[in-house]
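Before any comments, here is the structure.
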Amino acid sequence: MSLHIFGAVLTHHGTAANNRAETDGNITTLQKLLWKGRVHTSVSAEAIRFALRRRLAESEETNRYWDETSRVNEWRDHTFSRYAEGKPFIDDDLLGFMSAEAAKEDASDTGETEGTGKGKAKKKGTANIRRAVLEVTRAVSLIPFGGDVTFNAASPGATPSAAKVAKSPVPYGTEVHATRYQYGFALTPGALVTPSRAAVAIRALCALGEVAGNHGRFLYDFSPESIVLRVTHDPAPRILYVFQETKSGIDVDELVHRVESGDVPGEELILGGLLTRLPAAERLKQLGAILEPGVRKAAEIVCERMAKGD
């Protein structure tokens, strides 16, 4: 049976504000979704993957990289030929890829058609696809969005665009959410071309700094304040989105229930960070879970288990 690594991450508490998405009038908006019947703010999985790729590049050369001068993504191997040769870049191995091309010629131009109407054969494009081995969920705020908006005014000439439109201060607003975010990930080391890269990914996820995408205007620490890790042969995660906010802080009572019910064996869990101070964590320890005050130490225990194949 394949070994799987699952994780539930809770970030540090901070103020999230948008730098890149849409506006409503002169208000810069946050991404939102309806979560358990209430409006929460959200960070895309792609934004998390983008930040993760930068951490991976500190270990090995990546195929995709961000050019700070031209402000665009560049590719070292846009045809992904190294994967076909069995030597993929670390980001292609972990995060997958897709390259799609339309048919170079229309079937009607080449005469390569059969029949008429719906029965007509059409030339097809091509697609080179590798599904991500490291999968990441969308991050959701731990508490509902309260609608906080800041009022700001850009000074005349503060930016070239502001200088063009007005000789007086330019008013604008920004939605702000003071919250933690939780998200999850799944990883099957045996599905990687180079299985040892699984440990690189786990360590990188525990060292994420700012995640850009839709929450990049202010520094927001996206590294785990608390983390739940599971090393198992069970293909189902069963630990995603287990954090809840309470009047006194956070809890993981739902995770306790899943362990007590037998769905998640306690000995498969490694908990790290602030979470380990909770009464619920002490109960999980009694049920076989390992508790570590530090997130990085918890990650190292997982890496050791992966190396042993446990």
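The values are calculated or read from the model by the stated rules, or taken from the named source; none is laboratory data. All values reported here derive from a predicted model rather than from experimental measurement. Here the Cβ is made from the backbone with ideal geometry for all residues, glycine too, and neighbour counts use every protein chain on show.
Things worth noting here:
- Evaluation of M306 against the conditions (1) part of a strand (DSSP E or B); (2) in contact with a Pro (Cβ under 8 Å, 6 or more places away or on another chain) shows that the sole unmet condition is (1).
- Within segment 226-235, not a single residue is modelled with pLDDT under 95, in contact with a strand residue (DSSP E or B) (Cβ under 7 Å, 6 or more places away or on another chain) and surrounded by 23 or more Cβ atoms within 10 Å (Cβ to Cβ).
- Considered as a group, the residues in segment 44-74 that are closer than 30 Å to L33 by Cβ and of a type in the set (S, T, N, Q) include one that is surrounded by the most Cβ atoms within 10 Å (Cβ to Cβ), and that residue is T62.
- Residue in segment 191-201 that is at pLDDT 95 or above, part of a helix (DSSP H, G or I), closer than 22 Å to I290 by Cβ and touching a Pro at 6+ places or on another chain (Cβ under 6 Å) present: yes
- Some residue of segment 261-269 being in contact (Cβ under 8 Å) with a residue 40 or more places away in the chain and either closer than 12 Å to A8 by Cα or surrounded by 23 or more Cβ atoms within 10 Å (Cβ to Cβ) (or both): yes
- If the condition is being at pLDDT 70 or above, surrounded by 12 or more Cβ atoms within 10 Å (Cβ to Cβ) and of a type in the set (S, T, N, Q), then segment 75-120 contributes only S99.
- Selection count, segment 130-168, where residues are more than 33 Å from the chain's Cα centre (by Cα) and either in a loop (DSSP other than H, G, I, E, B) or modelled with pLDDT of 95 or more (or both): 7
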